[in-house]
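Everything on this sheet refers to the single structure shown next.
The values are calculated or read from the model by the stated rules, or taken from the named source; none is laboratory data. Bear in mind the structure is a predicted one, so any value in this text is a computation, not a measurement. Here the Cβ positions follow ideal geometry from the backbone for every residue, glycine too, while neighbour counts run over all protein chains shown.
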Amino acid sequence: MRDPKRIHRVLETVRQVWERFPDLRLGQLLSASKGVAGPQDLFFVEDDAMEKNLREFELLHGSHQAAVCRHPSRDETGVCHTCGDV
């Protein structure tokens with residue numbers, strides 16, 4: 001059985017990182033952060049790995065979040081697959 005105490009910890013990590021990127025929707029944040037570790041279905045990402053991915057995303061993109069995204073890969077709505085920029 002998974003430790004129920006992880007829920008508060010994981011949600012706190014999501015809150016902290018999401019507040020640094022308030023223009024992202026939750027789905028964009030989670031999708032973009034999992035992209036740090038490579039393409040994989042969110043369904044299979046363990047909670048500790050998601051926390052790590054969120055923190056890595058924050059480190060990689062937090063210093064230039066106001067900069068204009070120049071990554072070439074975007075989805076049909078215009079969201080960058082790399083950093084989640086819109």
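Every listed requirement among (1) assigned to a helix (DSSP H, G or I); (2) among the basic types (Lys, Arg); (3) modelled with pLDDT under 90 is met by ARG55 save one, (3). When the range 43-58 is examined, which residues are found to be free of Cβ contacts under 8 Å to residues at least 40 places away in the same chain, under 21 Å from SER73 (Cβ atoms) and within 11 Å of the chain's Cα centre (by Cα)? Across the range 43-58, the qualifying residues are ASN53, GLU56.
Take HIS71 and tell me if it is modelled with pLDDT under 90, within 13 Å of the chain's Cα centre (by Cα) and not hydrophobic (A, V, I, L, M, F, W, C). No. Just one of the listed residues (GLY35, GLY84) is on the phi > 0 side of the Ramachandran plot and at pLDDT below 75, and it is GLY84.
Out of everything in the range 1-30 that is over 11 Å from the mean Cα position of the chain (by Cα) and assigned to a loop (DSSP other than H, G, I, E, B), what residue ends up being surrounded by the fewest Cβ atoms within 10 Å (Cβ to Cβ)? Across the range 1-30, the extreme among qualifying residues is MET1.
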